[in-house]
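Input: a single structure, listed below in structure tokens.
The values are calculated or read from the model by the stated rules, or taken from the named source; none is laboratory data. Predicted, not measured: the structure shown is a model, and the values here were computed from it. Heads up, the Cβs are rebuilt from the backbone with ideal geometry, glycines too, and the neighbour counts pull from every protein chain shown.
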Amino acid sequence: MGESVPRFRGKRVVLGVCGSIAAYKAVELLRSLVKEGIAVSVVMTESATRFVRPLTFEVLSAVSTDLFGGRQEMPHLALPGQADAVIVAPATANQLAKCALGLADDLMSALLLNAAHGPLIFAPAMDGDMWGHPAVQGHVDQLRRRGAVILDPEEGLLASGRIGRGRLVEPSVILNALETVWQRGWDLSGQRILVSAGPTREAVDPVRYLSNRSSGKMGYAIAEAARRRGAEVVLVSGPTALARPEGLETVGVVTAEDMLKAMLGRLDWATVVVMAAAVADFRPRRSASQKLKKAQESGGLQLDLEPTEDVLLAVSQRRTTQLLVGFAAETEQLVAQAREKLSRKNLDLIVANDVARSDVGFDSDHNAAVLLDRSGGITELERMPKTTMAERILDAIRRLQTMPTPTAPSRPSGSRSRERGR
């Protein structure tokens, strides 16, 4: 049998190699990239050259190590400007921190500040305790929010002799990530996506309110991912501690009624609506105009509650051609509850979360979910960063947009398809 045809002939990549014991694995990655038809330029940090000599890479690629002494003028500008993607593998904790903070004291870090126009992929490698440190995870989260792809390291035997999560992923994983970001590109260009996020608050008195544990991270991740993929995005956000995303319109709301008005007011503009907000289900029938004193309520306080507006149902009833995505936060019978909600509210897609789990969901940077669509398809997404899950949800939306729209609410049949989340 003949050799396989290179998948990426004509593409150009900058491969950044940092000072990790895993630097020798970058040689195998370079071979894999070249085998796929990619023209590769290697950039090494000074510490990387202590693990692997530049000559090892020069057999297959030009190598740059110095911001000032190389053959190419201003390589920190020229190299990323000519590349279709930048890969940093292995990426050290130091390099992640420098990129997150915008530091640029050598060729690698200066180059990364000029790599904003194309995909940026980091494949970290470090000791497990270092990878799990809050500072490192904070930098990882910051880079993901800016659009970088961070490939979580694998678990296994580390250089320290201990077992932990910190091993560099295999070249095939990096190549698959590269293929995914190139395939997506600006695939949502021309789409107008309306996203809701965060909790709502319903006042008990001027000090207290009823709310829930939603952080808004999932909705924000979807909004930012959609913007990166070329969509026009409006984010309707309840009160959160998150910074407003750049490059899109954010509308701040407080109550369920506020959110209803904001969503319906922009519904005609949208082609896709993603209702990721956790809207409070009840509010006090009457909100006290003055702070309720504990001494006055020594016998206990009884609140007379009434249902809030069902924002998702209202959007569903008034939409015309918009594709509608809902969320279901459940603690039991996850798929059954989500399927019923998908049908009852006539949704195209529902994202079901098991909020009883402590390692995902509320307040976490990670999530796990089951996606159910109008045709009866089920996609199980195992635990992953919310930034990654946002991409999976947008991928599902793109697939649905190529399918015929049903004339009646979806009623999944017993012959459903099942796809394991990637």
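Just one of the listed residues (258, 281) is at pLDDT below 95, out of contact with any Gly (no Cβ under 8 Å at 6 or more places or on another chain), under 27 Å from residue 317 (Cβ atoms) and assigned by TED's automatic domain parsing to the domain that holds residue 307, namely 281. I'm trying to understand the selection: among the residues of segment 112-135, which are touching a strand residue (DSSP E or B) at 6+ places or on another chain (Cβ under 6 Å) and at pLDDT 90 or above? Hits for segment 112-135 are 120, 121, 122, 123, 124, 125, 126, 131.
Checking each residue in segment 297-311 for being modelled with pLDDT under 90 and charged (D, E, K, R) picks out only 297. Would you please name the residue that is nearest to residue 157 (Cα to Cα), looking only at residues in segment 167-213 that are more than 17 Å from the chain's Cα centre (by Cα) and among the hydroxyl-bearing types (Ser, Thr, Tyr)? By that ranking, first place goes to 172. Only one entry in 200, 180 is outside the structural domain of residue 119 (by TED's automatic domain parsing) and among the polar types (S, T, N, Q), namely 200. When segment 255-288 is examined, which residues are found to be under 24 Å from the mean Cα position of the chain (by Cα) and assigned to a helix (DSSP H, G or I)? Scanning segment 255-288 gives 259, 263. Under the condition of being surrounded by 23 or more Cβ atoms within 10 Å (Cβ to Cβ) and β-branched (Val, Ile, Thr), which residue from segment 334-378 is farthest from the chain's Cα centre (by Cα)? My answer is 350. The set of residues in segment 235-288 that are among the small types (Gly, Ala, Ser) and either under 20 Å from residue 329 (Cα atoms) or in contact with a helix residue (DSSP H, G or I) (Cβ under 8 Å, 6 or more places away or on another chain) (or both) comprises 237, 238, 247, 256, 276, 277, 278, 280. Selection of first residues in segment 254-272 that are hydroxyl-bearing (Ser, Thr, Tyr) and of second residues that are part of a helix (DSSP H, G or I), restricted to Cβ pairs under 9 Å at least 6 apart or on distinct chains, gives the following pairs, ordered by first then second residue: 271/401. Filtering segment 347-378 to residues that are in a strand (DSSP E or B) and among the acidic types (Asp, Glu) leaves 354, 373.
A Cβ distance below 8 Å, combined with a sequence gap of six or more or placement on separate chains, defines the contacts here; from segment 116-144, residues that are not assigned by TED's automatic domain parsing to the domain that holds residue 229 reach residues that are modelled with pLDDT under 90 and among the hydroxyl-bearing types (Ser, Thr, Tyr) in the pairs 127/160.
All of 227, 283 fail the test of being in contact with a strand residue (DSSP E or B) (Cβ under 6 Å, 6 or more places away or on another chain) and without any contact (Cβ under 8 Å) to a residue 40 or more places away in the chain, apart from 227. I want to confirm something. Restricting to segment 219-258 and keeping residues that are under 25 Å from residue 397 (Cα atoms) and polar (S, T, N, Q), which single residue is surrounded by the fewest Cβ atoms within 10 Å (Cβ to Cβ)? My answer is 250.
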